[in-house]
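Trainee: Below is a structure I'd like to ask you about.
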Amino acid sequence: MQLTIILGRRLFYAAALIAAVVVLNFLLIRLAPGDPALTIAGEMGGATEEIIEDIRRTYGLDEPLHHQLLVYMKRMLSGDLGDSLFFNTPVMDLILARLGPTVLLVMTAMTLAVTLGSFLGVLAARNPEGLFSNLITVLSLVGYSAPVFWTGIMLLIVFSAMIPLFPLSGMYDVRLGATGLALAVDVLHHLILPAFTLGIIFLAQYSRISRASMLDVLGADYVRTARAKGLSERVVLYKHALRNAVLPVVTLAGLQFGSMLSGAVLVETVYNWPGLGQLAFESILRRDHPTILGILFFASGMVVVANLLTDLTYRIIDPRIRTGRS
Amino acid sequence: MSAPLLELSDVEVEFRTRDGIARVLNRVGFSLSSGSTLGIVGESGCGKSMTALTIMRLVPQPPGRIAGGIIRLDGENLLTATEARMREIRGNEVSMVFQEPMTSLNPVFSVGNQIAETVRLHQGLSKREALDRAVEMLAAVGIPVPERRIAEYPHQLSGGMRQRVMIAIGLACGPRLLIADEPTTALDVTVQAQIFDLLIDLKERTGTSIILITHDMGAIAEMAERVVVMYAGRIVEEGPVEVILGDPLHPYTRGLINCVPHLEERPSPERRPLTEIAGMVPALTALGRGCAFAPRCNHATALCREQAPPLEGGDEHRVACWLHER
């Protein structure tokens with residue numbers, strides 16, 4: 001019962017937050033240089049003054065800004081995000097077609113970063129002054145400092161061009177026309193490099209955080225208690241210590257979901273991955289305002305959902321949050 | 001006298017520190033007969049807790065190192081036992097209750113699980129049986145409504161309750177020896193009395209031997225049969241509780257007893273002043289050849305500063321002091 005109240009409150013805040021983001025995005029994009037009417041006219045192949053006026057009227061661009069905003073939000077409630085200025089198709093359809101690949105990429109990269117990062121962090125914490133620990137520190141620093149597009153291009157050069165282990169770009173090979181399991185394998189093959197590229201920046205942070213957090217926890221009294229019970233080192237580390245040490249990692253993962261999405265814009269562009277990021281990048285270049293707004297709306301929705309999930313995960317892991325003081 | 005349950009002889013533990021090697025235990029030897037209670041007293045940093053950790057073989061290595069000696073539990077040398085054998089002993093044959101009940105329990109597991117874990121590990125009970133045992137143990141340590149408490153988490157319990165849970169964990173497998181390392185230091189006075197009563201009661205019912213580490217002379221008077229006084233990693237005096245409290249020989253033991261504040265029923269303007277032992281415990285890396293207590297001792301002679309006195313006397317009462325050299 002208590003959970004439903006908390007969940008209800010969270011959902012209400014989430015909705016309010018998304019609405020605020022939509023308003024802000026709408027206003028911001030109008031501040032950016034470039035007249036959408038000119039863009040549309042440009043797509044049509046040049047135009048006279050009258051035609052541009054005509055376009056303004058058709059698209060409601062001559063109305064006052066707040067009126068345009070109200071119309072936009074009203075349509076949004078019925079799931080209409082407007083039409084793309086470039087593709088002339090509903091933005092909603094465009095986004096839904098691209099959402100899957102992005103979610104697949106981001107979730108894979110995130111899982112990779114969190115699990116591998118925590119694992120490396122724990123290993124490093126077992127012998128904090130050792131060679132392995134220092135190696136992880138250096139690799140983390142390099143992974144974190146290197147720009148994601150550079151890492152992407154380097155990985156492409158090495159593992160696609162020089163050693164042709166992985167495909168150069170795209171999500172699957174159209175020439176194969178594979179279906180079912182074969183398609184899944186093909187997608188996985190295409191997914192490895194982009195997911196690794198996106199994951200490696202975050203991997204660095206997770207391994208550092210979990211190393212620090214694990215070192216902290218290993219000095220705790222309850223770890224000594226666990227050892228005094230006669231538990232094996234493995235159980236002490238992975239059950240008693242890790243469960244406590246993973247809390248900061250979960251927090252970080254939730255907070256970073258947004259940065260991961262923005263990282264996806266670059267990675268998708270480098271690897272020609274047919275996701276939202278690539279669409280966003282291209283739409284910005286084309287000044288395709290309705291598409292950009294739609295993508296921003298979806299992205300903020302995903303970040304809000306990610307934070308909601310983080311909260312719930314936290315409640316599962318840490319009973320102090322679940323039960324409160326009684 | 002029956003064969004001793006636990007026998008330490010010439011146990012030496014060293015710690016590598018920035019300032020050199022610190023000998024935290026120096027030729028420590030004593031024995032404990034089955035079913036009896038031994039008190040270990042001394043100031044902070046004199047090696048009481050380190051003695052306990054050494055018996056459990058939980059000295060952090062590195063920086064610590066058990067440099068020599070023999071610890072026999074029922075004739076078996078614990079210092080040469082394998083790590084696997086030690087894990088069988090810890091929590092099962094020898095268990096330990098720590099000083100800090102607030103932090104010695106793992107915050108993310110329910111207290112029932114933390115008790116059940118030990119009995120499942122050592123006695124191979126099923127989960128259901130282990131939880132039943134946890135309920136029994138909570139009832140035995142005087143926690144009301146135990147069947148409801150097992151589902152609670154440490155943060156939902158008071159300090160006294162948590163220490164009862166720690167004792168329940170310690171006794172869950174029916175150990176032959178329970179080491180209580182300052183079990184009441186962090187608790188309120190009234191709760192301290194309850195915990196001591198509980199320990200006395202449990203000892204009578206189960207026949208477990210107890211090593212009680214404390215600086216509470218009152219607790220020693222109430223519980224211990226024999227007392228070991230430690231200073232700077234050495235045993236300076238050892239004997240039956242009546243002798244140690246009633247007729248102490250070592251100036252340090254006398255000092256400790258004089259430090260106990262007296263409760264005056266009718267406080268008058270000229271109250272008895274609080275006494276203290278002047279000076280501080282010396283740094284263990286800077287011990288000279290002489291008696292470690294000499295710099296603080298009113299009776300120190302040239303001999304005391306030159307040469308450390310041996311621990312001598314009969315089986316009943318031993319003291320390491322040149323004043324009592326016979």
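Trainee: What is the fewest-to-most order of A:Val71, A:Val236, A:Val267 by other Cβ atoms lying within 10 Å of their Cβ? Intermediate values should be presented prior to the final figure.
Mentor: Details: A:Val71 13, A:Val236 19, A:Val267 29.
Lowest to highest Cβ neighbour count: A:Val71, A:Val236, A:Val267.
Trainee: Now for a separate question. Under 5 Å between amide H atoms, partner at least 5 residues away or on a different chain: which partners does B:Ser33 have, H built in plane at 1.01 Å?
Mentor: B:Leu5
Trainee: Let me ask something else about it. To test your reading of the geometry: what angle, between 0 and 90 degrees and rounded to tens, separates the Cα axis of helix A:65-77 from the longest principal axis of chain A?
Mentor: 60
Trainee: Residues with beta-carbon under 12 Å from that of B:Gly174, excluding B:Gly174: net charge, scoring Lys, Arg +1 and Asp, Glu -1? Intermediate results must be reported in sequence, preceding the final value.
Mentor: Details: positive: B:Arg133, B:Arg176, B:Arg205; negative: B:Glu93, B:Glu136.
Overall, the nearby charge balance is +1.
Trainee: Could I ask something else about it? What distance in nm lies between label points placed 7 Å from Cα along the C-beta direction at A:Arg322 and A:Leu168?
Mentor: Each label point lies 7 Å from its Cα, and together they span 5.2 nm.
Trainee: What is the Cα coordinate range of the protein assembly as shown on the first, second and third principal axes, sorted by size from largest, in whole angstrom?
Mentor: 120, 59, 54
Trainee: How do A:Met76, B:Met161 line up, fewest other C-beta atoms within 10 Å first?
Mentor: On the way: A:Met76 17, B:Met161 21.
Taking fewest neighbouring Cβ atoms as first place, the list is A:Met76, B:Met161.
Trainee: I would also like to ask the following. Angle, helix A:242-271 long axis vs. longest principal axis of chain A, Cα atoms, 0 to 90°, nearest 10?
Mentor: 30
Trainee: Please give the average number of partner chain Cβ atoms lying within 10 Å of the Cβ of each residue in B:156-165, rounded to a whole number. Write out the running numbers ahead of the final one.
Mentor: Working: counts 6, 0, 0, 0, 0, 0, 0, 0, 0, 0.
The shielding value for this peptide is 1.
Trainee: What net charge is computed for the residues neighbouring A:Ala16, neighbours being all others with C-beta under 12 Å from the C-beta of A:Ala16, Lys and Arg scored +1, Asp and Glu -1?
Mentor: Numbers: positive: A:Arg9, A:Arg10; negative: none.
Result for the neighbourhood of A:Ala16: +2.
Trainee: Going by average Cβ neighbours within 10 Å, how do the peptides B:191-201, A:281-291 rank, with the highest at the top?
Mentor: Numbers: B:191-201: 17.6, A:281-291: 19.5.
For the peptides B:191-201, A:281-291, the packing ranking is A:281-291, B:191-201.
Trainee: Rank by packing, highest mean first: peptides B:164-171, B:89-96, B:27-34, B:51-58, with packing defined as the count of other Cβ atoms within 10 Å averaged across residues.
Mentor: Highest to lowest by the protection proxy: B:164-171, B:89-96, B:51-58, B:27-34.
Trainee: In debye to the nearest 20, how big a dipole does chain B give about its Cα centre with +1 on each Lys and Arg Cβ and -1 on each Asp and Glu Cβ? Intermediate results must be reported in sequence, preceding the final value.
Mentor: On the way: 33 positive and 40 negative charges, 172 e Å.
The dipole of chain B has a size of about 820 debye.
Trainee: For chain B, take the longest principal axis of its alpha carbons; what is the angle in degrees between that and the long axis of helix B:159-171, to the nearest 10 within 0 to 90?
Mentor: Tilt relative to chain B: about 80 degrees.
Trainee: Moving on to the next point. Enumerate the calculated ³J(HN,Hα) couplings along the range A:277-284 in order (Karplus 6.51 cos²θ - 1.76 cosθ + 1.60, θ = phi - 60°), each rounded to whole Hz, writing x wherever the residue is Gly or Pro.
Mentor: x, 5, 4, 4, 4, 5, 5, 5
Trainee: Of the listed pairs A:Lys229/B:Lys48; A:Lys239/B:Lys48; A:Lys239/B:Lys203, which have alpha-carbon separations greater than 25 Å here? List each step's numbers first, then the result.
Mentor: Numbers: A:Lys229/B:Lys48 20 Å; A:Lys239/B:Lys48 30 Å; A:Lys239/B:Lys203 32 Å.
Flagged as over cut-off: A:Lys239/B:Lys48; A:Lys239/B:Lys203.
Trainee: Taking H placed 1.01 Å from N in the peptide plane, check which residues at least 5 places from B:Val97 or on another chain put their amide H under 5 Å from its amide H.
Mentor: B:Ile179, B:Ala180, B:Asp181
Trainee: Just want to confirm a number: the relative contact order over the range A:177-270, from Cα pairs under 8 angstrom separated by 6+ residues, in percent. Intermediate values should be presented prior to the final figure.
Mentor: Numbers: 36 pairs, mean separation 34.2, N = 94.
Relative contact order comes out at 36 percent.
Trainee: In peptide B:166-173, what is the residue-averaged number of other protein chain Cβ atoms found within 10 Å of each Cβ? Mind dumping the intermediate values first?
Mentor: Numbers: counts 1, 0, 0, 3, 3, 0, 1, 2.
The shielding value for this peptide is 1.
Trainee: Hand me the trypsin sites (Lys or Arg not before Pro) from the range B:202-277 located in a DSSP loop with no more than 11 other Cβ atoms within 10 Å, in residue order please.
Mentor: Numbers: sites: B:Lys203, B:Arg205, B:Arg226, B:Arg234, B:Arg254, B:Arg271; in loops: B:Arg271.
Loop-located and lightly packed - B:Arg271.
Trainee: Residues of B:96-104, mean number of Cβ from any other protein chain within 10 Å of their own Cβ, rounded to a whole number? If you can, show how the numbers build up before the last one.
Mentor: Numbers: counts 5, 2, 5, 1, 5, 1, 1, 5, 8.
Shielding by partners across B:96-104 averages 4.
Trainee: Place a label point 7 angstrom from the Cα of B:Asn258 along the Cα-to-Cβ direction, then list the residues of the range B:36-67 whose backbone nitrogen is under 20 Å away.
Mentor: B:41-44
Trainee: Now, a different point. Calculate the spin-label point distance for A:Thr313 paired with A:Asn88, positioning each point 7 Å from the Cα along the beta-carbon direction, and give it in nanometres.
Mentor: Taking the two extended label points, one gets 4.5 nm.
Throughout, read-outs are computed from the coordinates displayed, never taken from laboratory work. Everything numeric in this text was worked out from a predicted model, so none of it was measured. No Cβ is skipped: glycine too gets one built from the backbone with ideal geometry, and neighbour counts run over all protein chains shown.
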